[in-house]
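Colleague: Pasting a structure below so you can have a look.
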Amino acid sequence: VLGQRITPGVDVVTWKGKKIVLPATPAKMTVMLNKPRGYLTTLSDDKGRHTVAELVADAGVRLYPVGRLDMDSDGLLLLTNDGDLANKLAHPSHEVKKVYLAYVEGNVTAEQMTGMTRPIEIDGKMTSPARVRKAAFNQVETALEVTIHDGRNRQVRRLCEREGLHVRKLTRVAEGALLLGNLDEGKWRRLTDREIRQLTDRA
């Protein structure tokens with residue numbers, strides 16, 4: 001009957017006497033990738049540029065990026081085929097914290113760091129305040145640890161630029177309770193059930 005609902009694994013569907021085998025639903029899978037610079041956070045690119053899909057092609061299922069990490073940035077990126085999880089993490093009310101190390105030229109002043117904490121307007125909306133602390137300084141550049149909850153387009157870079165700071169390198173090192181750790185650049189690993197539960201707890 002046209003439009004009749006069936007229960008996969010329970011109902012048997014036939015057409016002209018032949019059994020119709022329905023494709024299996026892929027198991028849910030969520031991975032952490034250490035994205036290198038130069039890769040787009042997308043599944044395909046009409047200009048032939050490298051994408052993160054190439055780096056997780058051996059996962060056995062089609063995975064979709066959760067959130068964004070711009071082409072010139074590297075570090076922790078989540079990919080999943082779990083739509084419910086992706087929607088939950090992307091929803092503004094969930095406020096998953098994201099921690100970056102921003103390597104900027106020169107010695108950053110206290111006033112500049114304070115300025116970076118203030119909200120900034122991106123795409124017509126104000127961001128939440130950021131947290132900023134100086135992680136290291138080597139006479140040439142400063143490593144700033146920047147924590148945000150929004151993850152808007154180039155948000156950390158824009159905060160730096162507003163204070164006259166030039167970003168040499170930007171790496172996402174944590175998301176929620178997840179740490180990038182010593183995962184090699186360009187490699188991925190599957191998240192455990194415990195890590196997924198931690199990730200979906202309110203940050």
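The values are calculated or read from the model by the stated rules, or taken from the named source; none is laboratory data. In this text the structure is predicted, and so the values were computed from the model without any measurement. Because the Cβ atoms are built from the backbone with ideal geometry, glycine has one as well, and the counts that use them run over all protein chains shown. Ligands, DNA and RNA are excluded from the accessible area calculation, which covers all protein heavy atoms including side chains. Shrake-Rupley method; radii C 1.70, N 1.55, O 1.52, S 1.80 Å.
Colleague: Do the sum for the chain: with -39,500 (n - 2.57) for every DSSP H run of n ≥ 4, divided by all residues, what is the mean residue ellipticity at 222 nm, to the nearest 500 deg cm²/dmol?
Modeller: Computed ellipticity for the chain at 222 nm equals -4500 deg cm²/dmol.
Colleague: Additional query: Could you give the accessible area per residue of the range 97-148, probe 1.4 Å, as a whole number in Å²?
Modeller: Value returned for the range 97-148: 53 Å² of accessible area per residue.
Colleague: Continuing with the same structure: Of LYS97/LYS125; LYS98/LYS169; LYS28/LYS88; LYS88/LYS169, which sit over 23 Å apart, Cα to Cα?
Modeller: Those over the limit are LYS88/LYS169.
Colleague: Charges on Cβ only, +1 for Lys and Arg, -1 for Asp and Glu, centred on the Cα centroid of the chain; of GLY151, GLY67, VAL173, which one is farthest towards the dipole's positive end?
Modeller: Checking the options against the dipole of the chain, the answer is GLY67.
Colleague: Something else: Rounded to whole Å, give me the distance from the Cα center of the range 151-194 to that of the range 98-143.
Modeller: 13
Colleague: Mind pulling up the Rg/Rh value for the chain? Radius of gyration and Kirkwood radius, both on Cα.
Modeller: Using Cα coordinates only, the ratio equals 1.10.
Colleague: By its C-alpha gyration tensor, with a ≥ b ≥ c as the square roots of the eigenvalues, how is the range 131-203 shaped: rounded for a/c under 1.5, else prolate for a/b larger than b/c, else oblate?
Modeller: Prolate is the answer for the range 131-203, as a/c is 1.5 or above and a/b outweighs b/c.
Colleague: Using a 1.4 Å probe on the protein chains only, how many percent of the accessible area of the chain belongs to carbon and sulfur?
Modeller: In the chain, the share of accessible area belonging to carbon and sulfur is 49 percent.
Colleague: If you place +1 on the Cβ of every Lys and Arg, -1 on the Cβ of every Asp and Glu, and leave all else neutral, what size is the dipole of the chain about its Cα centre, to the nearest 20 Debye?
Modeller: Rounded to the nearest 20 debye, it is 540 debye.
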